[in-house]
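Report on the structure given below.
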Amino acid sequence: MNQPTQLPTFDIERIRADFPLLGTQVNDKPLVYLDNAATTQKPRAVIAALVRYYETLNANVHRGVHTLSQRATDEFEGAREAVRGFINAASTREIVFTRGTTEGINLVAQSYGRTFLRAGDEVLIGEAEHHANIVPWQQLRDTHGTVLKVAPINDAGELDLAAFAEQLSPRTKLVAIGQVSNALGTVNPVAEIIRLAHAQGAKVLVDGAQSVGHGPVDVTALDCDFFAFSGHKLFAPTGIGVLYAKAELLEAMPPWQGGGDMIRTVSFEHTEWNELPFKFEAGTPDIAGGIGLKAALDYLAGLDFAAAARHEHDLLQYATARAAEITGLRLIGTAKEKVAVLSFVVAGINSQDLGVLLDSQGVAIRTGHHCAMPVMTRFGVAGTARASFAFYNTREDVDRFFAALAKALEILG
Ligand code: PLP
């Protein structure tokens with residue numbers, strides 16, 4: 001993320017007050033929200049942007065000559081420019097609005113994959129990927145005869161970079177890798193991965209779902225070919241996401257969905273595609289979501305993001321130290337480079353039961369396989385309990401989480 005020129009101080013109480021849901025009660029207890037890897041809470045500025053859009057602007061975009069339509073178009077396209085700046089893309093032509101990370105990856109698999117990958121070509125992913133970055137490549141394999149290869153992780157949940165490099169070859173046409181694992185919190189060395197992959201002539205898709213909310217992303221510096229993320233994990237509404245792709249790739253790729261907005265001319269004999277990025281945006285987009293996403297990016301630009309990242313790091317360190325005090329607790333994911341996720345199991349205890357008992361005490365965590373079943377298999381567990389942090393969490397949240405956990409373990413133990 002680009003740093004604002006003047007950094008305000010990181011005032012956690014002021015920040016928490018910006019998120020109305022954090023001040024509410026769940027099950028008659030003050031909410032402790034630790035399910036940020038699933039989705040983040042929204043600041044008032046984002047909620048207000050949605051209300052303002054529907055109360056004062058609502059109209060369809062790109063097609064109308066009337067004032068409201070033009071205003072809505074200006075704001076929606078303004079959001080695209082904000083996204084471009086946020087990830088430092090060269091042009092708004094490279095910013096495709098999607099429903100989220102899942103849709104972005106499917107777009108690449110179906111458009112780029114089906115067009116440019118041949119039977120026997122290899123797609124290389126990591127063992128810790130989210131299902132969204134596994135299943136589309138399996139579908140491509142099943143319809144087009146491509147080969148899906150998987151680079152292993154070690155016992156800490158880190159990608160085995162040597163094994164990854166060994167699996168790369170001129171047959172590798174695409175590497176698809178998460179920048180941060182949602183199940184483990186591992187930060188992958190994507191710059192190095194991209195360098196290695198490009199040296200073999202492979203394109204690289206980065207799944208940025210879990211990274212964008214925790215630190216700056218610069219797609220130009222990374223030199224990735226594709227970068228997908230979801231607004232809702234970045235303090236923006238659900239239903240809006242982004243696929244960044246290099247313009248030359250988008251130019252060469254065919255549209256994956258047909259309909260309004262993605263065409264320039266249509267006759268029954270022939271249809272001419274619209275220019276970038278609209279070629280990939282068939283139908284009415286999530287206009288309010290785009291405007292809400294811009295409001296979220298504006299909000300983040302007003303934060304000292306470096307201080308926010310330090311604060312999150314402190315929370316993770318603190319929570320990790322406290323977890324070490326609990327008999328029978330095993331952390332799943334102990335990578336040296338890690339953000340925002342404390343995934344664990346407790347011997348003899350069902351994670352689901354833990355989640356329910358924590359919820360009864362107002363503490364929201366995630367339990368289960370976290371849409372990363374192969375990771376669970378790798379660690380020999382059916383699922384984990386996962387507390388995941390955002391910059392608005394506090395040490396007090398962590399203390400309340402561990403107090404609730406101790407109580408739950410007493411009941412279950
Ligand atoms: N990739 C990762 C690493 C994720 O954590 C998630 C969601 O949890 C996704 C992809 C899918 O995101 P979405 O459901 O917003 O499309």
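The values are calculated or read from the model by the stated rules, or taken from the named source; none is laboratory data. From a predicted model like this one, the values you see are computed outputs, not experimental measurements. Cβ placement follows ideal geometry from the backbone for every residue including glycine, while neighbour counts extend to all protein chains displayed. The area values use the complete protein model at the heavy-atom level, side chains included, leaving out ligands, DNA and RNA. Shrake-Rupley method; radii C 1.70, N 1.55, O 1.52, S 1.80 Å.
Exactly one residue out of VAL46, VAL51, VAL65 is modelled with pLDDT under 95 and either open to solvent by 50 Å² or more (accessible area, probe 1.4 Å) or over 22 Å from ASP225 (Cβ atoms) (or both): that is VAL65.
Within segment 83-102, track down each residue that is surrounded by fewer than 21 Cβ atoms within 10 Å (Cβ to Cβ) and on the phi < 0 side of the Ramachandran plot. Residues satisfying the conditions are ARG84, GLY85, ALA90, SER91, THR92, ARG93, ARG99.
In segment 148-163, the condition of being within 20 Å of the chain's Cα centre (by Cα) and not hydrophobic (A, V, I, L, M, F, W, C) is met by at least one residue. Filtering segment 339-358 for residues that are within 30 Å of GLY259 (Cα to Cα) and either buried (at least 17 other Cβ atoms within 10 Å of the Cβ) or aromatic (Phe, Trp, Tyr) (or both) leaves an empty set. From the list ARG99, ARG84, ARG80, the lone residue that is among the basic types (Lys, Arg) and within 16 Å of the ligand (Cβ to nearest atom) is ARG99. GLU251 satisfies every condition listed in (1) within 16 Å of the ligand (Cβ to nearest atom); (2) touching a Leu at 6+ places or on another chain (Cβ under 9 Å) except (1). Of the numbered criteria (1) farther than 15 Å from ALA295 by Cβ; (2) touching a Phe, Trp or Tyr at 6+ places or on another chain (Cβ under 7 Å); (3) away from the ligand (no atom under 16 Å from the Cβ), the one LEU34 fails is (3).
Do we find that GLY215 is at pLDDT below 95, within 30 Å of VAL46 (Cα to Cα) and either among the aromatic types (Phe, Trp, Tyr) or within 16 Å of the ligand (Cβ to nearest atom) (or both) in this structure?
Against the criterion (at pLDDT below 95, within 30 Å of VAL46 (Cα to Cα) and either among the aromatic types (Phe, Trp, Tyr) or within 16 Å of the ligand (Cβ to nearest atom) (or both)), GLY215 qualifies.
Applying the condition of being of a type in the set (Gly, Ala, Ser) and within 16 Å of the ligand (Cβ to nearest atom) to segment 162-193 and asking which residue is surrounded by the most Cβ atoms within 10 Å (Cβ to Cβ) yields SER181. Set side by side, the residues GLY201, GLY258, GLY283, GLY292 differ, and just one is within 16 Å of the ligand (Cβ to nearest atom) and over 18 Å from SER91 (Cβ atoms), which is GLY292. The residue pairs whose first member lies in segment 260-280 and is at positive phi, whose second member is open to solvent by 100 Å² or more (accessible area, probe 1.4 Å), and whose beta carbons are closer than 8 Å, counting only pairs six or more residues apart or on different chains, are ASP261/ARG63. Of everything in segment 104-134 that is of a type in the set (Asp, Glu) and in a loop (DSSP other than H, G, I, E, B), the residue that is nearest to the ligand (Cβ to nearest atom) is GLU129. Can you find a residue that is closer than 24 Å to ILE12 by Cα, assigned to a loop (DSSP other than H, G, I, E, B), over 24 Å from the mean Cα position of the chain (by Cα) and of a type outside the set (Val, Ile, Thr) anywhere in segment 335-346? Within segment 335-346, not a single residue is closer than 24 Å to ILE12 by Cα, assigned to a loop (DSSP other than H, G, I, E, B), over 24 Å from the mean Cα position of the chain (by Cα) and of a type outside the set (Val, Ile, Thr).
Please verify whether segment 127-147 includes one or more residues that are basic (Lys, Arg), outside the structural domain of LEU331 (by TED's automatic domain parsing) and touching a helix residue (DSSP H, G or I) at 6+ places or on another chain (Cβ under 8 Å). There is no residue in segment 127-147 that is basic (Lys, Arg), outside the structural domain of LEU331 (by TED's automatic domain parsing) and touching a helix residue (DSSP H, G or I) at 6+ places or on another chain (Cβ under 8 Å).
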